[in-house]
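The values are calculated or read from the model by the stated rules, or taken from the named source; none is laboratory data. Just so you know, these numbers come straight off a predicted model, no measurement behind them. Positions of Cβ are backbone-derived with ideal geometry, glycine not excepted, and every protein chain shown enters the neighbour counts.
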Amino acid sequence: MTTHRNLVRELKRVRKGRGVHAAGIDEKIGPTLRAACGITRSDGALTARQKLITRLTELVEQLPDDLQLATRAAFALTPETRLPLYQDRVLAVAAEVDRDARTVRRRVDEAVDQLAELAATTTRRDTGGWHLAELTVSVTLDNGPAEVVERHRLVVDADHVDEVEFTALFAVPRRDVRLLHGGTLQDHGVVTHDRPGFTLVPAEPLPRGETFEFTVRYQLDRDALPPELLHVPERPCEQFDLRVRFGTDHKPQVQRFDGAYRRDPAGLPFPVDRAGEVHLRFRRLLPGLIYGVRWENVPRRGAYHSAPAGSPAMFHAHDAVGVMRQ
């Protein structure tokens, strides 16, 4: 059988049951698909799943627009499509697009054929030699300047990773970015969306399989902080833990975004507790989707005003890019 035919067969196997979230997914991925996703024998189930999701997400983005919705549902690539059976996901898409299930299945089969061709002929994006196990972000708005503390927990997937490049959360002066622990911070001069970039150098090169953490703190005037924290990951992330403290003097209305598309105008209401805080935990984040919160303005003696409701997202958490050196 040709590579293309192998990939079609193996992709159809993966879409069964819970799709990419099926138990024992590493055993369901066939050898041709493993090669196309860069999955090695030493990768465990978690790493194999992450590599599969990353590769499928890249490939789906290259499909025609009319095939993308059905394909994401077929493989359960988005939170709202994590139904237990493939046929359930097909029926959900059929209801959403007002077509019968047979039409949706034909679209999925057409998409699988194109995915197989793309997987065999296009190269993978650079993974940087690591994946993000957990991102923890804490935002404090109730006392003086706004303070943001973010902790990254990485799992190293390659040998001798000795640099991790990342971009600041905000358009913040470089002098206000402080590394609390994890190595040495260097300014590499790159600016992305008005946010400065840095290189983190660990004390020692990181061996394959090691877990590595670093923590960064930002302090800035609240007038410079948009009323939202929306994270759009560039790679899968197993967990994103977010806390925002507004204080008891002002409890704003908050909207929650859990795997939303960029075109979605609003999230779902989320309550602020009696201490004036919100705590959200997102699991198995997918690249390109939105996770986080948006809130009303938090007045500070009349000096702070939010962006209009429904305005485009102004603040996106970053995703670091590791540099592998062997």
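At a glance:
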quantity	calculated
Out of A94, A74, sole residue that is farther than 23 Å from P233 by Cβ, among the aliphatic types (A, V, I, L, M) and buried (at least 18 other Cβ atoms within 10 Å of the Cβ)	A94
Some residue of region 159-170 being outside the structural domain of G38 (by TED's automatic domain parsing), crowded, with 22+ Cβ neighbours inside 10 Å and in contact with a Leu (Cβ under 6 Å, 6 or more places away or on another chain)	yes
Leading residue by the ranking (nearest to D142 (Cα to Cα)) among those in region 176-206 that are part of a loop (DSSP other than H, G, I, E, B) and either touching an Asp or Glu at 6+ places or on another chain (Cβ under 8 Å) or at pLDDT 85 or above (or both)	G182
Residues being among the charged types (D, E, K, R), without any contact (Cβ under 8 Å) to a residue 40 or more places away in the chain and crowded, with 16+ Cβ neighbours inside 10 Å - total across region 10-34	4
Selected residue [closer than 21 Å to T78 by Cβ, at pLDDT below 85 and not acidic (D, E)] from L280, L286, L225	L286
Residues of region 207-237 satisfying the condition of being surrounded by 20 or more Cβ atoms within 10 Å (Cβ to Cβ) and touching an Asp or Glu at 6+ places or on another chain (Cβ under 7 Å)	V216, Y218, P227, P233, R235
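Here's the yes/no breakdown for (1) of a type in the set (A, V, I, L, M, F, W, C); (2) assigned to a loop (DSSP other than H, G, I, E, B); (3) at pLDDT below 90:
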position: D241; (1), (2), (3): no, no, no
position: V244; (1), (2), (3): yes, no, no
position: P269; (1), (2), (3): no, no, no
position: A275; (1), (2), (3): yes, yes, no
position: R294; (1), (2), (3): no, no, no
position: R301; (1), (2), (3): no, yes, yes
position: G310; (1), (2), (3): no, yes, yes
